[in-house]
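Nothing in this text is a laboratory measurement; each read-out follows from the coordinates by a stated rule. Note that the coordinates shown come from a computational prediction; the quantities given were computed from them, not determined experimentally. FYI the Cβ positions are ideal-geometry reconstructions off the backbone, even for glycines, and counts take in every protein chain you see.
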Amino acid sequence: MDNFIIVSENIYESWNVDEKYFIDVAKKILSYYLSRSEILNFCCLKDFEYNAISFDFLYCDSKKTHQINREYRNKDYPADIITFAIFADSDEKFVFDGEINLGEVIIALDKVIEEAEKKNVSKEYELAFLISHGILHLLGFDHQTEEDYNFVIDMQNKALESIGYDKI
């Protein structure tokens, strides 16, 4: 597996997420994405030399994502996921000591639980689904059009399948 440095912090007390497990899931998903030419050739890492990729996860509740949305994005609603794609969104991309910091993914675990119940999937599956979504955003993929949305969802499903994650 590539050299990935992923840090996570859980400030949501109602779900003691197995952070080590989900860091491993994120590493496998990122490895999968970077093995796919349709991602590698169009992501923010294209044409950069690096020996490490880093990013962070913050697990919180929807009150926190609402606060972050208001403060940083001028949006007045709670979100299930917020991604700050530092590298992808920067005009001046830089590689520091061979490492690219992609940014941060913030996930509201209460929203994960709520959505899992709606979809009739496990909360772990829904969390892995959002992690895969956040990583695509960190790599510079968005879903402003229906075509882009379908690409992102298709890639997420393929990534989860590739690591043996089903909807239970």
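General remarks:
- Tilt relative to the chain, helix 19-35 - C-alpha long axis, 0 to 90 degrees, to 10: 40 degrees
- This model, with +1 at the C-beta of Lys and Arg and -1 at the C-beta of Asp and Glu, gives the stretch 1-76 a dipole about its Cα centre of some 220 debye.
- Taking 7 Å steps out from each Cα toward its Cβ at Q144 and Y77 produces label points 1.9 nm apart.
- Counting DSSP beta bridges with both ends in the chain, the antiparallel % (nearest 5): 25 percent
- Helical runs (DSSP H, four residues minimum) scored at -39500 (n - 2.57) apiece and divided by the length of the chain put the mean residue ellipticity at 222 nm at -15000 deg cm²/dmol.
- Think of each Lys and Arg Cβ as +1 and each Asp and Glu Cβ as -1; about the Cα centre, that makes the dipole of the stretch 95-168 roughly 240 debye.
- Amide hydrogen neighbours beyond the local backbone of K75, cut-off 5 Å, H modeled: R70
- In this simple spin-label approximation, S31 and E49 carry label points 7 Å from Cα along the Cα→Cβ vector, and these lie 2.5 nm apart.
- Debye, to nearest 20: dipole size of the chain, +1 on Lys, Arg Cβ, -1 on Asp, Glu Cβ: 240 debye
- For the stretch 2-64 versus the stretch 101-168, the gap between their alpha-carbon centres in whole angstrom: 11 Å
- Couplings 3J(HN,Hα) of the stretch 71-85, computed from phi: 6, 10, 10, 6, 10, 9, 7, x, 10, 6, 8, 10, 10, 9, 8 Hz, in residue order, whole Hz [Karplus 6.51 cos²θ - 1.76 cosθ + 1.60, θ = phi - 60°; x for Gly and Pro].
- 3J(HN,Hα) along the stretch 47-53, derived from phi through the Karplus expression 6.51 cos²θ - 1.76 cosθ + 1.60 where θ = phi - 60°, amounts to 6, 10, 9, 7, 10, 8, 10 Hz, with x in place of Gly and Pro.
- Here's the list of lysines a cross-link from K119 could span, going by alpha-carbon distance under 28 Å and ignoring same-chain residues fewer than 8 apart: K20, K27, K28, K63, K64, K75, K111, K158, K167.
- Residue order, fewest to most beta carbons within 10 Å, for T145, T65: T145, T65
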